[in-house]
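Undergrad: Pasting a structure here, questions to come.
What follows is calculated from the coordinates using simple rules that are stated; it is not laboratory data. No experiment lies behind these values; they were computed from the predicted model shown. All Cβ positions, glycine included, derive from the backbone under ideal geometry; neighbour counts span all protein chains shown.
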Amino acid sequence: MTVEPKYRRVLLKVSGEALMGDQQFGIDWKTVHRVAAEVHAVREMDVEVCLVIGAGNIFRGAAAAKEGMERAGADYMGMLATVINALAMQHALEDRGVPSRVMSAIPMQSICEPYIRRRGIRHLERGRVVIFAAGTGNPYFTTDTAAALRAAEMGCEALLKGTQVDGVYTADPSRDPSAERYESLSYLEVLAKDLKVMDAAAITLARDSDIPILVLNIHNPGAFAQVVRGEGESTIISGTAETAIISGGKNVRAGS
């Protein structure tokens, strides 16, 4: 029996680091093609998909600013790096026969389309995957904020954050073996607990637009499709979430 998708239009935010594979820098093509396969599987469910990809595998504006570079210029360099990642993902998707469009907040018409909201919606309605590049087009805003903004503009039913782990934890699970995973959180709890899943501007924008955020492990094969169907392992952040932590295979209320 085929399970119907819970969401019909979604935006997937993937970090630039997720495209590195086992490398220390740049793009690992096997990893790019694997992520493209995850997106393809969701499109096969007749779900409309948008993508935002970070640039941490190539250039981090915030890190360059800490080294003394002027912040706005550093951020613009990071935005250009997101275009490189977007073009790589477009190649991997179309290599699988999935039509896609890259839309950049910074116009560069020789290689991709300028971002126009109505055109982006039309691409989605025609079954194309839309990859939003160059962030918001403004310095001082992260690609997390860009993802929340584009999800709101496109009328997405959910914003999915693909990370290295299968949800939001009480601590970094790679450093703290006792860290426990939240099954659900509210937007306000994420802000109050200063959980670093997304920056505060992105969380606030998602809250104001009433878009749930689902945090999943993008490296877990099939996880994207499972979460879109309302299955699999993830943490959901919404306005009505009742905080719960997964502990020893059981759900327990936070603080209990």
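Undergrad: Is there any pair with a first residue in the stretch 165-176 that is without any contact (Cβ under 8 Å) to a residue 24 or more places away in the chain and a second that is of a type in the set (A, V, I, L, M, F, W, C) whose Cβ atoms are under 8 Å apart and which are 6 or more apart or on different chains, and what are they?
TA: Final answer for the pair search is Tyr169/Ala179; Ala171/Ala179; Asp172/Ala179; Pro173/Val165; Pro173/Ala179; Ser174/Val165.
Undergrad: I'm told Gln24 meets every condition in (1) free of Cβ contacts under 8 Å to residues at least 12 places away in the same chain; (2) under 12 Å from Leu93 (Cβ atoms) except one. Can you identify the failing condition by its number?
TA: (2)
Undergrad: Answer with yes or no whether Leu80 is under 23 Å from Asn217 (Cα atoms), in contact (Cβ under 8 Å) with a residue 24 or more places away in the chain and not hydroxyl-bearing (Ser, Thr, Tyr).
TA: Judged against the criteria, Leu80 is not a match.
Undergrad: In the stretch 1-24, how many residues are surrounded by 11 or more Cβ atoms within 10 Å (Cβ to Cβ) and not in a helix (DSSP H, G or I)?
TA: 15
Undergrad: Being among the hydrophobic types (A, V, I, L, M, F, W, C), more than 18 Å from Lys13 (Cβ to Cβ) and assigned to a helix (DSSP H, G or I) is the filter here, so list the residues in the stretch 79-100 that pass it.
TA: Leu80
Undergrad: What is the residue count in the stretch 187-219 for residues that are surrounded by fewer than 18 Cβ atoms within 10 Å (Cβ to Cβ) and of a type in the set (S, T, N, Q)?
TA: Of the residues in the stretch 187-219, 2 are surrounded by fewer than 18 Cβ atoms within 10 Å (Cβ to Cβ) and of a type in the set (S, T, N, Q).
Undergrad: Which of the residues spanning the stretch 177-193 are under 21 Å from Ile211 (Cβ atoms), out of contact with any helix residue (DSSP H, G or I) (no Cβ under 8 Å at 6 or more places or on another chain) and either part of a loop (DSSP other than H, G, I, E, B) or in contact (Cβ under 8 Å) with a residue 40 or more places away in the chain (or both)? Break it down into steps so the answer makes sense when it comes.
TA: Here is the first cut: in the stretch 177-193, the ones under 21 Å from Ile211 (Cβ atoms) are 182-193.
From what's left, out of contact with any helix residue (DSSP H, G or I) (no Cβ under 8 Å at 6 or more places or on another chain): 182-186, 189, 192-193.
If the condition is that a residue be under 21 Å from Ile211 (Cβ atoms), out of contact with any helix residue (DSSP H, G or I) (no Cβ under 8 Å at 6 or more places or on another chain) and either part of a loop (DSSP other than H, G, I, E, B) or in contact (Cβ under 8 Å) with a residue 40 or more places away in the chain (or both), then Tyr182, Glu183, Ser184, Leu185, Ser186, Glu189, Lys193 are the ones that fit.
Undergrad: While we're on this one: Do any residues in the stretch 211-232 that are at negative phi have Cβ atoms under 7 Å from those of residues that are part of a loop (DSSP other than H, G, I, E, B) and of a type in the set (S, T, N, Q), where the two are at least six apart or on different chains, and which pairs are they?
TA: Leu214/Ser234; Val215/Ser234; Leu216/Ser234; Asn217/Gln164; His219/Gln164; Val227/Ser234
Undergrad: Residues that are within 16 Å of the chain's Cα centre (by Cα), under 28 Å from Gln24 (Cα atoms) and aliphatic (A, V, I, L, M): does the stretch 105-125 have at least one?
TA: Within the stretch 105-125, none of the residues are within 16 Å of the chain's Cα centre (by Cα), under 28 Å from Gln24 (Cα atoms) and aliphatic (A, V, I, L, M).
Undergrad: Which of the residues belonging to the stretch 103-152 are in contact with a Lys or Arg (Cβ under 7 Å, 6 or more places away or on another chain) and over 25 Å from Ala63 (Cα atoms)?
TA: Of everything in the stretch 103-152, those that are in contact with a Lys or Arg (Cβ under 7 Å, 6 or more places away or on another chain) and over 25 Å from Ala63 (Cα atoms) turn out to be Glu113, His123, Leu124, Arg128, Val129, Val130.
Undergrad: Which residues, taken from the stretch 118-153, are of a type outside the set (D, E, K, R) and crowded, with 24+ Cβ neighbours inside 10 Å?
TA: Across the stretch 118-153, the qualifying residues are Val129, Val130, Ile131, Phe132, Ala133, Ala134, Gly135, Thr143, Ala146, Ala147, Ala148, Ala151.
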